[in-house]
1. Here is a check on your reading of the model: is Thr134 of a type outside the set (A, V, I, L, M) and more than 12 Å from the ligand (Cβ to nearest atom)?
2. Given (1) within 16 Å of the ligand (Cβ to nearest atom); (2) in contact with a helix residue (DSSP H, G or I) (Cβ under 6 Å, 6 or more places away or on another chain), where does Tyr235 come up short, assuming only one miss?
3. Got a number for residues in the range 186-219 being within 16 Å of Met267 (Cα to Cα), at pLDDT below 95 and open to solvent by less than 20 Å² (accessible area, probe 1.4 Å)?
4. Just for helices (runs of 4 or more DSSP H) wholly inside the range 116-222: which have at least 3 residues that are hydrophobic (A, V, I, L, M, F, W, C)?
5. Against the condition in contact (Cβ under 8 Å) with a residue 12 or more places away in the chain, within 10 Å of the ligand (Cβ to nearest atom) and under 17 Å from the mean Cα position of the chain (by Cα), how does Val166 come out, does it pass?
6. Specify which of the listed residues (Gly148, Gly159, Gly83) is more than 20 Å from the chain's Cα centre (by Cα) and under 30 Å from Pro250 (Cα atoms).
7. What's the total number of residues in the range 6-55 that are within 16 Å of the ligand (Cβ to nearest atom), charged (D, E, K, R) and open to solvent by less than 50 Å² (accessible area, probe 1.4 Å)?
8. Does the range 144-162 contain any residue that is acidic (Asp, Glu) and assigned by TED's automatic domain parsing to the domain that holds Leu45?
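The values are calculated or read from the model by the stated rules, or taken from the named source; none is laboratory data. Just so we're clear, the structure is a prediction, and the values are computed from it rather than from any experiment. Positions of Cβ are backbone-derived with ideal geometry, glycine not excepted, and every protein chain shown enters the neighbour counts. Surface areas here come from the heavy atoms of the whole protein model, side chains and all, with no ligands, DNA or RNA. Shrake-Rupley method; radii C 1.70, N 1.55, O 1.52, S 1.80 Å.
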Amino acid sequence: MKHLLDIESADVGFLLKVLNTSEIFLKVLDQPSKKLPTLKGKTILFMFLEPSTRTQISFELAAKRLSADTVNFSPGKSSMQKGETLLDTILNLNSMELDAVIVRSPSPGTPHFIAKHINASVINAGDGAHEHPTQALLDAFTVKQKLGKLENLKILIVGDILHSRVARSNLFLWKKFGSEVLFSGPPTLVPEEFSRLGAKIVELDDYLDKVDVIMVLRIQKERMEASYIPSIREYREFWGITSERLKRIPERTLILHPGPVNWGVEMDWEVMRRENTMILDQVRNGVAVRMAVLYHLLVKAEE
Ligand code: NCD
């Protein structure tokens, strides 16, 4: 594979190789020097057209830990402010001999569009409500690390599914691995059509003790044009992982959240205090998983 644009079209063998290699890179991150020469001489461009903390820093660290040269494209400071189109920008960047471009965009399909016009490998770091492939990979890696397998699991994803690229990428990924995905949330944010993609739509309270993983999503206020929920208070009451609901979730059940968390809305702070809440492990593992993605696209693909 040259690009990682989405999980839906990705080859399952490639995804498994990335997860296996991530284990090796995680060990490297435990070493005092943390650095490998793997991507020496390669140049990676970060094109983040939408805010990001974890994903951008995680990709930057991954590239730097593998000794790549990194450059940043900041839309606010670029000639796009002077009216240059995305296509024109891409064609110009293409002349600078880049090896990879890591793209985050509010518009679905931007990474696919860029991949058509550039020689470099393109990695999707989140495109609108479409997909966020490396997030799903790091989620899967975190689950495998704790539960020892990827198949025959039940993964319950709760919340704003409609606007979530994380939910879509996870749905495609877990189906490829032979696990079951369940969606739960307000009907306005979990449309019935989603069952056609292969997810089972369920009532949260019926499944709190029947799944291996509960993945909680953020209410994405920035992607909501209309009012999808009556009030934040009601959302918390019906779909939040509150202290009350926490009592009905078995200790062994993993709780994940891609971040950033709206504390007190989709999740109470108390969730952070339990052993099998994986939120910070997800962030830590993200660097190793992104190192593995860069390695397989930029080194292995060339061999
Ligand atoms: C997610 C994203 O940006 O898609 N966050 C992330 O990458 N860690 C989820 C979100 O914004 O809610």
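1. The answer is no for Thr134.
2. Just one mismatch for Tyr235, condition (2).
3. Taking the range 186-219 as the starting set, the residues that turn out to be within 16 Å of Met267 (Cα to Cα) are 186, 204-205, 208, 213-219.
Next, from what is left, pick out any that are at pLDDT below 95: 186, 218-219.
If we keep only those that are open to solvent by less than 20 Å² (accessible area, probe 1.4 Å) too, we end up with 186, 219.
Final tally of qualifying residues: 2.
4. 133-147, 165-176
5. Taking the combined requirement at face value, the residue satisfies it.
6. That would be Gly148, the only listed residue that is more than 20 Å from the chain's Cα centre (by Cα) and under 30 Å from Pro250 (Cα atoms).
7. 2
8. Checked the range 144-162: no residue is acidic (Asp, Glu) and assigned by TED's automatic domain parsing to the domain that holds Leu45.
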